[in-house]
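Here the structure is laid out as structure tokens; the discussion comes afterwards.
No lab work stands behind these numbers, since they all come straight from the coordinates. Just so you know, these numbers come straight off a predicted model, no measurement behind them. All Cβ positions, even for glycine, are placed from backbone atoms using ideal geometry, and neighbour counts span all protein chains on display.
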Amino acid sequence: MALVARDVAKDYGATAALSGVSLDVGEGELVGLLGPNGAGKSTLTKIACGLVRPTSGSVEVGGYPAGSRDARRTIGYLAELFRFPRWMTADEVLVLHQRLSASPGGADERAELLGLVGLASAAATRVEAMSKGMQQRLGIAQALVSGPRLLLLDEPTSALDPAGRGIVRELLAELRSRGTSVLLNSHLLSEVERVCDRVAILNRGRVVTEGRPTELARPRGVEVDVDGGTRLYEGATREDVPRIIAELVAAGERVYGARVLASTLEETYLEAVGGATG
């Protein structure tokens, strides 16, 4: 496992940020963390990085205790609120992080990473001249310095336009193919639904539901278009469609179409968090 969290709790005085969270991220797996503000998403991510110590429970990264030198060597991290020196160029930012991580990648690694995030032509551009979206993509590039085994991303698409989010989706697919594990903290449900293998929804410091996006989309019935209009068969599933159509045809009905209805990840999310906003 790239990440194993067991019964993790974190208290800030009388406030419980996490209350017994358990979560795994497998090798090459992309797991999305969803939840409203204050749910504990960023706290869990920071514990995995070793920036925050849990009150109780344990977190292992690559088989090592979170925060240990061996664990830190296996991760890349992009914080939600980050700042690069505004006078540095994109290339210089990556040089700095190569030095901090003792990466031997050199110029070839920097060029590859800038290309991955769509900044191949911006190597000499200073941070102060970049849009927020370009800075966000540069942040993802620095998180990939030294080829981390586990990538921890805290709201990586928050400042990106649709084109930028598309680049990040393609990048995440590429990382998955390379066997890199990703823990993605995001409030963009549509993005998580499109790219993640598995989703965990946090609320008030607890995991309230977890599973693959398709598993979290619950069936809501079947709609069938007939001469008289549309009929809804509540509780029916995909497996019931042939039977329903056969019965309608046998009864002399003309059938024009059938749709299997399922709840969206957004509906599941709102049900899980009781309507709380992120």
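For segment 3-215, the square roots a ≥ b ≥ c of the C-alpha gyration tensor eigenvalues yield an a/c of 1.5 or more together with a/b exceeding b/c, which makes the shape prolate. Under the shape rule built on the C-alpha gyration tensor, where the axes satisfy a ≥ b ≥ c, segment 99-162 is oblate, since a/c reaches at least 1.5 while a/b does not exceed b/c. Straight distance only, please: which lysines reach the Cα of Lys132 with their own Cα at less than 28 Å, same-chain residues fewer than 8 apart left out? Once the sequence-local lysines are set aside, what remains near Lys132 is Lys41, Lys46.
Rounded to the nearest Hz, the phi-derived 3J(HN,Hα) couplings of segment 36-41 under the Karplus curve 6.51 cos²θ - 1.76 cosθ + 1.60 (θ = phi - 60°) are x, 4, x, 6, x, 4, where x marks glycine and proline. For the chain, the Cβ-based charge dipole about the Cα centre amounts to some 920 debye (Lys, Arg positive; Asp, Glu negative; other atoms uncharged).
Residue farthest toward the positive end of the dipole of segment 3-215, with Cβ of Lys/Arg at +1 and Asp/Glu at -1: which of Ala39, Gly166, Ala14? My answer, from the dipole projection, is Ala14. Roughly how tilted is helix 132-143, in degrees to the nearest 10 and between 0 and 90, from the longest Cα axis of the chain? The answer is roughly 70 degrees.
Nearest 5 percent is fine: what portion of the DSSP beta bridges confined to the chain is antiparallel? Please report the intermediate quantities before stating the final value.
Values: 33 of 50 bridges.
Taking every DSSP beta bridge with both residues in the chain, the antiparallel ones total about 65 percent.
A simple spin-label model places the labels of Glu239 and Val255 1.8 nm from each other, with each point 7 Å out along Cα-to-Cβ. Ordered by the number of other Cβ atoms lying within 10 Å of each residue's own Cβ, fewest first, Ser181, Ser58, Ser121 fall into the sequence Ser121, Ser58, Ser181.
Were the residues from Glu267 through Thr125 laid out at 0.36 nm apart, the gain over their Cα-Cα distance would be 46.9 nm.
Which FRET efficiency value, to the nearest 0.05, do you get for Glu223 and Ala102 by plugging their Cβ-Cβ distance into 1/(1 + (r/R0)^6) with R0 = 51 Å?
0.30
How would Leu114, Leu94 line up from fewest to most surrounding beta-carbon atoms within 10 angstrom? Before the final figure, lay out the partial values.
Values: Leu114 20, Leu94 26.
Lowest to highest Cβ neighbour count: Leu114, Leu94.
P(r) for segment 219-262, from all Cα pairs and a bin width of 10 Å, is 32, 58, 10 %, short bins first.
Viscosity 0.692 mPa s, temperature 37 °C: give me the Stokes-Einstein translational D for segment 178-244 in µm²/s, with Rh taken as the Kirkwood radius over C-alpha pairs. Write out the running numbers ahead of the final one.
On the way: Rh = 15.1 Å.
Estimated via Stokes-Einstein, D reaches 218 µm²/s.
For the pair Arg69 and Thr55, label points projected 7 Å from Cα toward Cβ lie 3.2 nm apart.
Can you give the charge dipole size of segment 219-262 about its Cα centre, rounded to the nearest 20 debye, using +1 on the beta carbon of Lys and Arg and -1 on the beta carbon of Asp and Glu?
On the way: 6 positive and 8 negative charges, 22 e Å.
With only Lys, Arg, Asp and Glu charged at Cβ, the dipole is about 100 debye.
Taking other Cβ atoms within 10 Å as a rough exposure proxy, Cys196, Cys49 sort from fewest to most as Cys49, Cys196. Per-residue ellipticity at 222 nm computed for the chain from its helices equals -9500 deg cm²/dmol, with DSSP H segments shorter than 4 residues left out and the rest contributing -39,500 (n - 2.57).
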